[in-house]
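What follows is a short report on a single structure.
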Amino acid sequence: MLLPLRNSYITCSLLLLLAVPAFLSCNNHSNGQSTGNLTDTLPPQPVDVTLPGTFSEPGKLKFDSSAIHGFFVQFPRLREFEGQVVRFYSNRQFAYAWYDRQGLIEQAYNLYNKIENIGDEGTATTLLYEPELRHLVDSDTAEVSKQKPNLQLELMLTAQYFFYARHIWSGLGEKAMRETKWDLPRKKLSYSAFLDSLLEAPKGQFMQTEPVYHQYAKLKEHLKRYRQIEAAGGYPKIVADKKSYRLGDSSPVIGVIRKRLELSRDLPANNNSHLFDETLEAAVKQFQHRYGMKEDGVVGAGVLAEMNQPIEKRIRQLIVNMERCRWLPVTLNRDYFVVNVPEFRFHAYENDSLAWSMKVVVGKVIHETAIFNGMMKYVVFAPYWNVPPGIMRNEVLPAIRRNPNYLARNHMEWNGKMIRQKPGPWNALGKVKFLFPNSHNIYLHDTPAKNLFDQDQRAFSHGCIRVEQPQRLAEYVLRHQPEWTDARIDSAMKGTKELYVTIKQPIPVLIAYFTAWVDKDGLLNFRKDLYKRDERLAEMIFESTKR
């Protein structure tokens, strides 16, 4: 699933504290970067960044500030970045950034190469004024002996940097986040300050680490490979001549399966055999692992369906998840939890390293688990289950009318005008729940329905998140509170009286939605788009380039 948010040039706060009272029922009903506009605002607002080293000292080569406006008159499609360019050079006393007394500096060529290859970045963005930029660079290179700065090239490079940052590092704005129900804090950083720092980077390290969530670079590499497969004709179509294929079977279709797994790098070497041998079985198991399927090594209907998905679909899947990486803050240097909904898994991280994981059950399609963040503050042992209004209205009250003994039979009772279920092994929340107060009324909890964790697709809840190992999670979140021994936790979970415990060191919780990622073993994973959010985001990515 999601790999740790590792250290990079920028340290951003990932999770915001939510000051919302705890809800006890599981009822699913740079300064202004949230708009996606990178234009700096006056006066400057606080930005959650820490940049490395010292900012570049203004050089001795300076230019007339009035030239900036003239540049944007000449190149009006870049005018939205004029404010940022003015601010950047004002802070440098209008000294050249891309030139020294020997001519164009190495970082200028690094930036040029980066923006020239903008097509590799998983967007449909077309570089503005590409012929003009190329001509300026070529002309400057040809006249390098003159060692006279070309102000037009200087300003073009800076404007193109902000264009690149806008489309590649920031991505779509809040509209895309809202329409795809992504309610996570957006990255906040100053690209002007970052540029100043980049100019001080040692030679050969310019833009080696970019201000995006590190999964972005991993997905980008796979996107390049998948586009090569697409250009070569894509994946072969597998037309089955039987229901399934397993170890020991022989069929010409198995040869096609081998070719498919060779292209996806699940099969290290293809001997073109029509025999289903142990090497092929291992390749099938890896494919199943990467797609979150039961790893039995059998190519049945489900595996065939995934193998026959067109390469174009996987490319779009990579692109939309790269876009989600643009929105996220870069790092979080503390312990935190991640639940990736399409993966049906919970992950605990310590100092950006994965500590452990477990299965979870998430909301049904009609009761989607919200994508948001919070701070885990409480553990509740032997909890009551406060029946949500919707469940009470649609399920419990009709059951009471049919059977007056329904409440007693299900260990329920009236609590004012609401109904709750008493603590015990029958309780819908199991023996413990974990609260991170939020407006979505969502939390983590135990469940008596343990059999659901045996399913590959675990979308069964009304929105809350059921955890496979509740006692382990309780021991983990209370590990810094020595009075809560394992034995005491076990006793509290088996109790019949509800008990709230405050977590002394609240833990950030991130509920995320990634349908493609690279795991700790370097394997590219795909999952089904559970809540049908990928296609709408893909449409917005490509629509954005038409305006």
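Values as computed for the structure displayed
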read-out	value
Size of electric dipole in region 330-430: Cβ of Lys, Arg +1 and of Asp, Glu -1, about Cα centre, debye, nearest 20	620 debye
Proxy reagent accessibility, fewest Cβ within 10 Å first, across Ile257, Ile118	Ile118, Ile257
Cβ-defined net charge surrounding Asp100, 11 Å radius [Lys, Arg +1; Asp, Glu -1]	+1
Rg in Å to one decimal, and Dmax rounded to a whole Å, for the chain via C-alpha atoms	27.5, 95
Protection-proxy order for peptides 275-284, 322-331, 491-500, each taking the mean of Cβ atoms within 10 Å per residue, highest first	322-331, 275-284, 491-500
Square roots of 5 times each gyration tensor eigenvalue, C-alpha, region 169-303, largest first, Å	43, 19, 13
Binned Cα-Cα distances of region 395-464, short to long, each 5 Å bin given as a whole percent	3, 13, 19, 21, 22, 14, 6, 1
Förster radius 35 Å - calculated FRET efficiency between Lys313 and Glu483 (Cβ-Cβ, nearest 0.05)	0.10
In nm, spacing of pseudo-spin labels at Asn333 and Glu395 (7 Å Cα→C-beta vector)	4.5 nm
Gain on full stretching of the segment that runs from Gln455 to Lys520 - 0.36 nm per residue minus C-alpha separation	21.1 nm
For peptides 238-246, 109-117, 211-219, sequence by mean Cβ density within 10 Å, most packed first	211-219, 109-117, 238-246
Region 273-291 and region 341-392: distance between their alpha carbon centers, rounded to Å	33 Å
Residue-wise HN-Hα coupling along region 185-194, computed from phi with Karplus coefficients 6.51, -1.76, 1.60 (Hz; x: Gly, Pro)	x, 8, 4, 10, 7, 9, 6, 5, 5, 5
Helix-derived mean residue ellipticity, 222 nm - over the chain, DSSP H n ≥ 4, -39500 (n - 2.57), to 500	-9500 deg cm²/dmol
Relative contact order (%) - criterion: Cα under 8 Å, at least six apart; region: region 92-195	30 percent
Residues with amide H under 5 Å from that of Ile419, placed H, sequence gap 5 or more	Val387
Karplus-derived HN-Hα couplings along region 150-162 (A = 6.51, B = -1.76, C = 1.60, θ = phi - 60°), whole Hz, x at Gly and Pro	9, 5, 5, 5, 4, 6, 5, 5, 5, 5, 5, 4, 5
Environment charge of Glu535, counting only residues whose C-beta is closer than 10 Å and scoring Lys/Arg +1, Asp/Glu -1	+2
Out-of-range pairs (alpha-carbon distance over 29 Å; input Lys294/Lys520; Lys114/Lys359; Lys114/Lys528; Lys377/Lys532)	Lys114/Lys359; Lys114/Lys528; Lys377/Lys532
Selection from Val212, Leu261, Gly297, by position along the positive dipole direction of region 173-306 (Cβ)	Val212
Inter-part distance where region 309-337 and region 127-195 are each reduced to a Cα centre, Å	22 Å
Added length on full extension, which subtracts the Cα-Cα distance from 0.36 nm per residue, Asn272 to Met358	27.2 nm
Packing rank of 384-390, 348-354, 335-341, where each peptide gets the mean count of other beta carbons within 10 Å, highest leading	335-341, 384-390, 348-354
Extension gain, Leu128 back to Ser244 (0.36 nm per residue minus Cα-Cα distance, nm)	36.6 nm
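A short reminder: the numbers here are calculations on the coordinates, not readings from a lab. Since we're looking at a predicted model, the values are computed, not measured. Please note: Cβ atoms are built from the backbone with ideal geometry, for glycine as well, and neighbour counts cover all protein chains shown.
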